[in-house]
Every structure is written in C-alpha cells, then in structure tokens.
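The values are calculated or read from the model by the stated rules, or taken from the named source; none is laboratory data. Just so it is clear, the model here is predicted, and its values are computed rather than measured. Neighbour counts are summed over all protein chains in view; Cβ atoms, including those assigned to glycine, are modelled from backbone coordinates with ideal geometry. Just so you know, the surface numbers come from the protein's heavy atoms only, side chains and all, with ligands and any DNA or RNA stripped out. Shrake-Rupley method; radii C 1.70, N 1.55, O 1.52, S 1.80 Å.
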Amino acid sequence: MSESGGSGSNGPDGTGVEYGEVALALAVVAALVVAAALIPGAGLGGADGEPSEREPTTAEDGDATTATAESGDATTATAESGDATTATAESGDATTAAASTPGRDETPGTPSGGPLGGSPSGVPLSQPPEQTRIGSTQSFGGSLPQTPQFVVDGPSNAYWRQTAYATYTGSSWSSSPRWQSIDRGVPNDARTVDGQAMEYRVTLLVPSSSLPTAWQPSSVRLPNGSAGVEASTVGGVRTTRRLPADSTYLARSAAPPDDPAALRAAGTDYPAEITARYTQLPETTPSRVGSFTDELTAGDETPYDEATTIRDWLAKKPYSLNASHEAGEPVADQFIFEMESGYCQYYATSMVVMLRTQGIPARYAVGYAPGERVDKNQYLVTADRGHAWVEVFFPETGWVRFDPTGSGRLPVQNPQPPYDISLNRSAVAGADVAVSVAKNDTPVVGAPVEVNDERVGWTGADGTVTTRLPYATEFTVTARPPNAATKYEGATTDRWAGSDHLPARRSAPADDSERPIAADHDGTNHSSRTYRSDTNVTLSVAGTPVAGGGVTVVATIRDVPVREATVTLDGERVGTTGADGRLGVSLDGVSPGDHRLAVRRGSIGATTTLRVRPPGANVTTPAPQPSLNVSVDASPLLLPGRPATVRTTRNGTPVGDAQVTVDERDAGTTGENGTLGVTLPMAGSVAVAARSDGATARTTLPLARNAALVGVIVLGGLALVGREFRRRGVTTRGAIRAITTGVSRLAAWGVTACVRAAEFLVHAGRGLRRGLRRLAGVPRRLAVQGLTALAALHPRRLLGWLRAWLVGLLMRARADGSPASGDRQRATDTGIDSDSGGSASTATLRDLWQEFVGLVAPPQARTRTPGEIARYAVGCGLPSEPIRTLTDAYRDAEYGRIAPDDDRLARARDAVRAVREALRGGEES
C-alpha cells in the first residue's frame, strides 16, 4: 500500500494504512470462507478439509464405492466392477447402503467425495473398499431412507456379513485379503467350522457384486452360472462381475460353536499368524487405553469373559448419530474417554482396540444387521440396517461375533399415507409396469406394494417397483408405509450365530419366530388405486391353414403378448402360448372346413374362425401388408440425453397410435402424424422399437459413435485454434498464462461482486432497520402526544370554555327577540343587509348580475371574470352599452367597495331589462 495518497492514517510503524483496502481484504477473506463452507455441501470437496479424505481408495472388487454410512466420511473406492455406490452406513465400509441408517449403517452427515466413510442417504449395496474411515468429524442431523437391498429366504435370520478388516491406523481400517474361486473352497484362515448348517436363497434388489452371507459361508453359487464367485481370506464373497437387480444366489453357512463353556475353555494358544495380524495397534495408541482395559477386566479369567465385560461396558454408552470426533487423534481413545455417545463404528472399533491391548485377536467386521421378517422364513434387509461389529478369535473354534453397540432409535424416513400411486404406462393386462409411490412429489422408499392383495415387492430408492399386471379387467394397487422398526428394534434377533447362552446383542429377545409379520402393516393404514385394464385380445394366425400342415397362433393386447394362455381348437386344448404370446399349432388330422380357434387366460380371451383348406387346394396368398418402418431424428445429431423424434411409417404414410419403446421402456404412442417426442437415455447405443397391428419395427441408435464424432470435431477445432495460436506466435505457456489471467480476473470480478452485494445488503438492512424502528416508534409518539394533549385539558379550562359557550348562546337568543332583529331578518330575506344601506344596494346589484349571467349563460361562468363574461355577451350580439353599464357598476360594488346610488342601481336594472328584451327579440325573429 502506498504511504502517500488516499485517506489513510499512519500506523505505529509509520506505514500508511488505507482502511478501505483493509476492509476489502477482510471482505475477500470472508467470501472465501463462505465459499469453502459451501463447496463441500455442493459435493465439490471432501469432508473435514483433510487431503487424505479426498484421495480415492482402490477396492479389490473394483467398485467405485463410498464407504460406510455411519462413519460419516464420504469415501470413494475404485473397484474393478465400476459400481458407483456408497457403502454400508454404520459399518464404515463401502458395502451397505450406508446412508440409510446412520446408526449402524450411516455415516452421519459427511459430504461425499472423500476416500472413506459414507453418506447419509440410502444407496445401493456395493463391494467394501480395502480401506474405510471410522466415524466422522461432522454430526448427522437428517433421516435415513429404508431402501430395500436384498431379500433372504431361509430358516433363520442372521447378521449378513460382507467382509472384515485387520489393520487399525487410528482413524481408519484397512485389509488386503486374498481372493480365490469359491470352487476351490472358502479360504480357512486358521478357522474351524463346526455346529449347525443353514441353506438359504438371497435375491438382490439392487445391482451389486458383493454377496452378503451368514457367518461362516461354506459354499455360494449362482443358479444360472452367470458370473464367477470368489471368496476371500476374511470370509467375504463377491462375483467377478456386477449382478443386476433381481439376481439370486444360493448359499450354505455353518456357524461356529457358541457355548460359553466351550469358549471359556478355548484358552489362548493362538496361531502365530493370527496373533501377528489381529493384535496390531498403531504406535499412536495412548497407553491409557490399555491401562483402563486392564482395570476393567481385572476380575476376568478368560478371553471370553474379558470380551463380554468390554462389550457390556461399551454398550452402556448412549447411541446417537449426532456423534463426531476430532480429526488427528485416535478414534478409539476419543470414544472411550471423551465422547459421550456414538454409533456402531465407534463401538466396534473401540472394542477391537481394547481387546488387542490385552493380546486377544479381534477384528472389525461389516455388513448388515438382521432384517425385517416379512413372511414365514423370509427377511427383508434395508439400507438402514448396515452395521459394524466385532469378531473375536478362539482357538479350535474360530471367529465369534460380539456386538457392543448400544441400543437406540435410528431417524429413518417413514412417510405415512396418503400416497400418490401411478404407473409408467397405460394399463394393459400382462404388461410390465413400474409402480411409483410418492408423498408430496417425494418418492417413498421401502414401501410394500401389492397388486390385488398380493405383494409384488418394495419401492426402491426412486420410489418405484416393477411388476407384471394381472390378466384381469380390473386391478387394485396398494401401497403401505415402510416398517417403522429399525435394526435396533422389532424382530431382528439373530437366531443363527447366537443362542440363549451367547446372544447376538445384549438383551436380545429369545425368539422372533412367533412375532407377527410386519405387524405395523395392519391392512388399514395404506393407499390404494384401482385401474381398468385393456383386455381386448387380438388373435391372429400366421401361415396358411392347410389340412396336414400347421400355423402359428399369435395372441396380443396392443403391444403386450398374452403369455401362458390356453389355446383350443374346437374346444380341444392344443397348447399354451409362450413368452411372446405365440404357439405353433399342428393341423395334422384336422379336416378341411371352418373350425373354432380360441385363446384364453383367466377371464380374458378371444375367438376366431380358422378356415382349413384341403391339401393341394389353390390357395391365394394375401398380399403381404406393407412393413412398418421406424426412424429417429434429432437436430443436429442423435446424442445421449438429448431430445429426439420417433417417426413411424408404412409405405411412407404416417402410422398413428403405434406403441414406442426405448431400451425396452415404454415411451408412449405416436400421434396422428406418426411422431412421438422422446429423450434419449445416457447410453452408448439405444434400441428403439415400434409396434402397430401386430407388426414390429426396430432400430438401433449408435449414440456412442455420434458422441465420439462430436468429440473429434471439438478436438479438431481445438487443434485448429492451437495451430492459429502458433501461427501468431502465441506459445502454450502464453495461452495458459492468458487463460489463467482471465480466470483470475473473473474470480476477482466475482469476489468484487460478492463484496458489493454484501455491502448493498448491509446498507439495505440498515435502512430497513431504521424504517422499522421509526414505524415501531409511531404508536409510542401518538400515545405520548395524545396523553400530552389530554393533560393540557385542565378542568378549569374546560369549565371556562363551557361558560363562554353558554353566554354566547344566551346573548344571541336575546338579540333574536329584539324588534330590530325582525327588521334585520326581513332585510336578510330580501337580500339586503340591515347594517347599512350601501351593503343593501350591493346585495341588490349582485342579484342583478347573477340574473344577467343566467341570461347570457357563458360556459364555465364560475371561473370567468366579469370582463370575460361581458365580452362573451357582446360577442353573442347583445347590446354593448347596457352590458358595459352593468359590468362597471358590478365591478365598483364588488371589487372597489363603492356602493351604487339609486340612479346607478336604476341604470343597472335598465341594462338587465335591455339584455332580456334583446334575447327575447332574437328568439322571436
């Protein structure tokens, strides 16, 4: 800053300080602080501002995942499968739909973008990353969607495990397990398998490459062998490629012994590799953790007793998703000694660390807590049940689960009816539709949906569930609220790896097999909508019906095939239509003539006459119907995400009412002009199909090629620009410098605009505040002035005014009763004031003037002067001399205050008479 110019003052060091520049610098700093606070909220920055949280972590599976919800950190992991997902909420790995339930499956309130942790919103199941952060430095204040993840059909509910972590860094967990094909067996990792076995089937409700299983899995297989299955040394199971939703897999698990007596007798003869790997602690772990654990477990004689003591002590801490820790300090130490509450990641991490200080092998496991029982031997697992727990190693037994997390209620989203129910297409019997359930235009997640009282599924993260409409003329769609019970409540007891002796959780109910299924769905708290289906079946025959030959029967309703419909010929069943609504019918043994052909499924069907011709008969083959053509246009080019127009024609003629699908999704029907506007999906290629009158036309759009062409054009343009720059002597460094300068100027302009806007808002606020302050003072001023006026009304003054008023009334009454008053009254009645003869003459002259004005009737007489009125009258042809006489007399009397004598008053009367006669004479002529 300059010392000489401007209005500045010298500081203590003699340097000139310009206060305006200082204020501007402070404003810029404030703007940058605000921007830094808003960027993470917009998803542009990592959590807590730590560089490590913004670095991606590579997961073995290859899924791009965001780790555990409950941890609260936004963690990104790059996996082979390429899934972009957020992992388990509370567990802290990228496995679960972490966001949905912070308590155990949600990472409270951390922005996405960091390498580890989770997000407070329900997201699909995903493969856990190799590293996951613990907890969050920001508290969570929202609610969690109960997004359905998978359904388990099996004899028992269980903790559905995904993986385990071995290495603790103080702020995160990491693991680098070895994977091998499950055909070679599940890697043992020094575990023994004993006890009961369970077989179950899992149906994925979201795409995933991670396959949750009950501990400990011994086999997992896909019924159709659509992908390879691998198992890791820590008991995780995954597929070699991402499976789509509705995929199923069959698994078998064998639980280790859970008898407390056997676990107490297991001893401490741990394998060397187990001890080395699962008793590791970072050097930064404070010694007070071990000292406190020594005191806490001083009376315990076995590792099992120590584990239960630590578990029970931790479970006494209050559970809350609003918990957070300070960055840079070991998480377990903070939770044990400083934090008042926490969620599953904090509980599980602290228990593992406390056990390791005692030389007991333990590890951090993640997955899902037991699901909601929705049917006999069926359990629904939602994203809010993502969880983290502890596994402790016992010699000759293996890894046994302990869950130290305290009980609490998760803030789950549970909107109540009424709901808005809609379909994504017109109602046609047998059509595949997406049912949408919303509340105030917001999707309802996890709502059970029924069609004609039969459950068809649960709404996903977008509030929809897909199903096939029944073959009926009418159907009713019913949506019920999601189950209010969370993973800490309701029927979630794990009867698989826990028993009455070794409960899965503290104070767990003895059994849930007799609990009501979805008791809160009592059949009354729901929304329903009834639709009428199009059931008009079109029955057609392809081929020439000749005795001894064959034809193909085709049954459709609009563009929907009638599947599994019974086909009869003369009342005799000949077969059932397939998935395409077709059936080949043999005419061997059918005599020539007319036969009754019928198709029926349930209450819908159609009948037609099949005319069978004799062999060798001359058959006139009907001219084939012109083929249906479909084309897609867009300006200037077909590109992903851009609008386009679908055209259907037949021999160049537009075909209306053609059903159009885009990538097998119903897009609508064409209008009379054979066109339909659509938006192309974000895909490399898109299949567009149109169907009309049983004919189908398809075309495939090479969107990726077009996008590549646009990219080549853009790159070519940039190359030409670069060449032009080089021709003009502009170097790359110079161009970068110019761009940098431009960006800097733009940023400076933006900051200046923010500062000026802030100043304007400040001034406006001050002005508004002053105005409001003045308005607020108006009632007070009115009250003060009013009281002052009232105070001025002294009783003596009021009496004086009243006395004067009464005296005045009395004097006027006396004056009215005197003889002179009668004369004055009579004079007043005649227009003459009794006080003086001059004024009486003036009054009489005024009457004459008013009579004159009435005779002349000039426009706007009240605003005209006497001279103007006189000139108007003369201009109308009236005699000027009488008018001048009257005008002069009136002026002298009104303005000069000169009372007219009797002679002048008489001349004025004559003047008015002359004007009157002149007007009368003009009328007669």
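Quick rundown of the values:
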item	result
Flag for V412 being aliphatic (A, V, I, L, M) and under 18 Å from the mean Cα position of the chain (by Cα)	yes
Close pairs (8 angstrom Cβ cut-off, 6 or more residues apart or separate chains): over 17 Å from E868 (Cα atoms) and touching a residue at least 60 places away in the same chain (Cβ under 8 Å) in segment 890-910, assigned to a loop (DSSP other than H, G, I, E, B) and open to solvent by less than 50 Å² (accessible area, probe 1.4 Å) anywhere	A908/P900
Residue tally, condition in a strand (DSSP E or B), of a type in the set (A, V, I, L, M) and under 30 Å from K316 (Cα atoms), over segment 400-429	2
Failed item, numbered, when D462 is tested on (1) open to solvent by 20 Å² or more (accessible area, probe 1.4 Å); (2) outside any strand (DSSP E or B); (3) under 26 Å from R558 (Cα atoms)	(3)
Near pairs, Cβ below 6 angstrom, 6+ apart or cross-chain, from segment 387-402 (open to solvent by 10 Å² or more (accessible area, probe 1.4 Å)) to any residue that is in a strand (DSSP E or B)	R401/W389; R401/E391
Checklist (1) of a type outside the set (S, T, N, Q); (2) surrounded by 15 or more Cβ atoms within 10 Å (Cβ to Cβ); (3) at positive phi applied to G185, failing item	(2)
Selection from segment 220-246 of residues that are of a type in the set (S, T, N, Q) and closer than 20 Å to Y368 by Cβ	S232, T239
Any chance D294 is under 26 Å from R385 (Cα atoms) and loosely packed, with under 15 Cβ neighbours inside 10 Å	no
Check on R178, basic (K, R) and either open to solvent by 10 Å² or more (accessible area, probe 1.4 Å) or at pLDDT below 90 (or both)	yes
Test for P129: is it touching a Pro at 6+ places or on another chain (Cβ under 9 Å), at pLDDT below 80, crowded, with 24+ Cβ neighbours inside 10 Å and not aromatic (F, W, Y)	no
Flag if A251 is open to solvent by less than 50 Å² (accessible area, probe 1.4 Å) and aliphatic (A, V, I, L, M)	yes
Count of residues meeting criterion [open to solvent by less than 70 Å² (accessible area, probe 1.4 Å) and either basic (K, R) or closer than 18 Å to T645 by Cβ (or both)] in segment 684-730	13
Scope segment 256-275; condition aliphatic (A, V, I, L, M) and either in contact with a Ser or Thr (Cβ under 9 Å, 6 or more places away or on another chain) or over 22 Å from P177 (Cα atoms) (or both); matching residues	A261, A262, L263, A265, A266
Residue among T649, T609, T653 that alone is without any contact (Cβ under 8 Å) to a residue 40 or more places away in the chain and surrounded by 13 or more Cβ atoms within 10 Å (Cβ to Cβ)	T649
Enumeration of residues in segment 430-452 that are open to solvent by 50 Å² or more (accessible area, probe 1.4 Å) and not polar (S, T, N, Q)	D432, K439, D441, P443
Residue match in segment 489-496 (condition: in contact with a strand residue (DSSP E or B) (Cβ under 6 Å, 6 or more places away or on another chain) and either under 30 Å from A254 (Cβ atoms) or modelled with pLDDT of 90 or more (or both))	yes
Enumerated strands (runs of 3 or more DSSP E) restricted to segment 657-757, each holding at least 3 residues that are hydrophobic (A, V, I, L, M, F, W, C)	686-692, 695-701
Leading residue by the ranking (surrounded by the most Cβ atoms within 10 Å (Cβ to Cβ)) among those in segment 634-646 that are small (G, A, S) and assigned to a loop (DSSP other than H, G, I, E, B)	A634
Residue match in segment 310-329 (condition: among the small types (G, A, S), open to solvent by less than 10 Å² (accessible area, probe 1.4 Å) and at pLDDT 95 or above)	no
Selection within segment 656-682 - farther than 20 Å from S426 by Cα and crowded, with 19+ Cβ neighbours inside 10 Å	L680
Entirely in segment 275-394, the helices (runs of 4 or more DSSP H) that have 3 or more residues that are of a type in the set (S, T, Y) and within 18 Å of T405 (Cβ to Cβ)	344-357
Some residue of segment 828-849 being under 30 Å from A908 (Cα atoms), open to solvent by 60 Å² or more (accessible area, probe 1.4 Å), assigned to a helix (DSSP H, G or I) and at pLDDT 65 or above	yes
Every pair of residues 6+ apart whose Cβ atoms lie under 6 Å, when the first sits in segment 859-882 and is free of Cβ contacts under 8 Å to residues at least 24 places away in the same chain and within 22 Å of E917 (Cα to Cα) while the second is among the hydroxyl-bearing types (S, T, Y) and open to solvent by less than 40 Å² (accessible area, probe 1.4 Å)	A870/T887
Residue check for P615: more than 42 Å from the chain's Cα centre (by Cα), part of a loop (DSSP other than H, G, I, E, B), modelled with pLDDT under 85 and of a type outside the set (V, I, T)	no
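Residue by residue, here is whether (1) of a type in the set (A, V, I, L, M, F, W, C); (2) farther than 12 Å from Q146 by Cβ holds:
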site	(1), (2)
D441	no, yes
G446	no, no
V465	yes, yes
Y471	no, yes
F475	yes, yes
A479	yes, yes
